[in-house]
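See structure below.
Each value in this text was obtained by applying a stated rule to the coordinates, not by laboratory testing. Keep in mind that this is a model prediction, so the values were computed, not measured. Cβ sites come from the backbone with ideal geometry, for glycine too, and all protein chains shown count toward neighbours.
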Amino acid sequence: MAFINYAAREINCKVVYYGPGLGGKTTNLQIIYQKVDPRTKGKLISLATETERTLFFDFMPLDVGTIRGLKTRLHLYTVPGQVFYDASRRLILKGADGVVFVADSQAERMESNLDSLENMEENLRDHGFDVLKLPLVMQWNKRDLPSAVPVEGLEQELNPRKVPSFPAVATHGHGVFETLKTISKLVLEELKQRR
Ligand SMILES: Nc1nc2c(ncn2[C@@H]2O[C@H](COP(=O)(O)OP(=O)(O)OP(=O)(O)O)[C@@H](O)[C@H]2O)c(=O)[nH]1
Ligand SMILES: [Mg+2]
């Protein structure tokens, strides 16, 4: 849940990038970190193995303006996608205000996408989230690869809720900011409604 600190006049919201291993979650954060104005961001912290697989999480704070005089900051996190790190994923998901699901468009990763989505819903339910209400954006990443399945196929398999979705090539920055803007908007709208 968003944390509102009235004394410091700030709101902190949590956005988690979820999805299968090697899907491009960390790459999204790296691109955001490279491109945003240095005045609006904090450090990008990554806990990774030598082969650059996320071990625990990546984290980066990002200022997104003010709501009713309160300075609003998104805390962006990624989870480790590898199947055996489920305890970490569950922990990182706790208290999320919004989720970006980064799917890998390659045909051979379809099953991993589905497993990861199911795992995300299970972990959300364990934390007591209403899975159908949580702000969610889908990103169809790796559109540049030859075995990428058509977007319609991804929509059909992975997006029955018909939440906003964006094709992406995260390594080139394509789709990264569209995704970020949309999840920010959904999270902030939800926040305004609650208050
Ligand atoms: N061709 C291509 N490669 C990509 C794209 N996005 C990411 N990659 C590459 O895919 C690999 C994995 O990307 P990461 O961002 O580390 O993936 P991740 O989802 O954080 O993986 P885990 O931390 O293991 O869960 C890296 O070599 C990236 O450069 C893309 O759109 N196209
Ligand atoms: Mg990663």
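Go through segment 59-105 and name the trypsin sites (Lys or Arg not before Pro) that are in a DSSP coil and have 13 or fewer other Cβ atoms within 10 Å of their Cβ.
Hits after loop and neighbour filter: Arg68.
Given the rule -39500 (n - 2.57) for each run of at least 4 DSSP H residues, summed and divided by the residues of the chain, what is its mean residue ellipticity at 222 nm, to the nearest 500 deg cm²/dmol?
-10000 deg cm²/dmol
Which pairs, out of Lys133/Lys181; Lys35/Lys162; Lys35/Lys185; Lys35/Lys192, put more than 24 Å between their alpha-carbon atoms?
From Lys133/Lys181; Lys35/Lys162; Lys35/Lys185; Lys35/Lys192, over 24 Å: Lys35/Lys162; Lys35/Lys192.
Roughly how many whole Å is it from the C-alpha centroid of segment 19-69 to that of segment 84-153?
Here the two parts' Cα centres lie 17 Å apart.
Suppose we keep just the alpha-carbon trace of segment 122-195; what are its Rg and Dmax in angstrom?
Every Cα atom of segment 122-195 included, Rg and Dmax give 14.2, 47 Å.
Kindly provide the Kirkwood hydrodynamic radius of segment 47-112 in Å, to one decimal, from all pairs of distinct alpha carbon atoms. All intermediate terms of the calculation are to be shown ahead of the outcome.
Numbers: mean 1/r = 0.0712 Å⁻¹.
This gives a value of 14.0 Å.
At a threshold of 8 angstrom on Cα-Cα distance, excluding pairs fewer than six apart, so keeping six or more, what relative contact order does segment 43-152 reach in percent?
Once divided by the residue count of segment 43-152, the mean separation gives 21 percent.
What's the Kirkwood radius of segment 22-144 in Å, using all Cα pairs?
Numbers: mean 1/r = 0.0643 Å⁻¹.
Result for segment 22-144, one decimal place: 15.6 Å.
Hey, can you rank 98-104, 51-57, 188-194 by average C-beta count inside 10 Å, highest first?
Output ranking for 98-104, 51-57, 188-194: 98-104, 51-57, 188-194.
Expressed as a fraction of 2.2 N^0.38 Å, the rule-of-thumb size for a compact globular protein of N residues, what is the C-alpha radius of gyration of segment 1-56?
1.40
Size of the dipole of segment 115-158 about the Cα centre, Lys and Arg at +1 and Asp and Glu at -1 on the beta carbon, nothing else charged, in debye to 20?
Working: 4 positive and 10 negative charges, 42 e Å.
So the magnitude is around 200 debye.
Amide H neighbours of Ile67 under 5 Å, at least 5 residues apart or on other chains, H built in the peptide plane: list them.
Close amide H contacts, sequence-distant or interchain: Thr72.
Roughly how big is segment 1-98's charge dipole about its Cα centre, with Cβ charges of +1 (Lys, Arg) and -1 (Asp, Glu), in debye to the nearest 20?
Value, rounded to 20: 300 debye.
Pairs of Cα atoms under 8 Å, at least six residues apart: use those to get the relative contact order of segment 1-48, whole percent.
Values: 20 pairs, mean separation 9.5, N = 48.
Rounded, it is 20 percent for segment 1-48.
Packing-wise, with mean Cβ within 10 Å as the measure, how do 22-28, 168-174, 152-158 rank, highest first?
On the way: 22-28: 25.0, 168-174: 18.6, 152-158: 14.3.
Ranked by mean Cβ neighbours within 10 Å, highest first: 22-28, 168-174, 152-158.
Report, in degrees rounded to the nearest 10, the 0 to 90 angle that the Cα long axis of helix 110-126 makes with the longest principal axis of the chain.
Computed tilt is about 30 degrees.
Once the Cβ-Cβ distance between Gln193 and Leu145 is put in as r, and R0 is 30 Å, what FRET efficiency do you end up with, to the nearest 0.05?
Working from the Cβ atoms, E equals 0.15.
Work out how much length Val131 to Thr51 would gain on full extension: take 0.36 nm times their residue separation and subtract the Cα-Cα distance, in nm to one decimal.
Result: 25.5 nm gained on full extension.
Under the definition of Cα pairs under 8 Å and six or more residues apart, what whole-number percent is the relative contact order of the chain? Intermediate results must be reported in sequence, preceding the final value.
Numbers: 372 pairs, mean separation 45.4, N = 195.
Dividing the mean separation by the residue count of the chain yields 23 percent.
Roughly what angle does helix 25-35 make with the longest principal axis of the chain, taking Cα atoms, 0 to 90 degrees, to the nearest 10?
Result, in degrees: 50.
Is there a quick way to get the dipole size of the chain? I mean about its Cα centre, with the Cβ of Lys and Arg at +1 and of Asp and Glu at -1; what is the value in debye to the nearest 20?
Numbers: 26 positive and 24 negative charges, 236 e Å.
The dipole magnitude comes to about 1140 debye.
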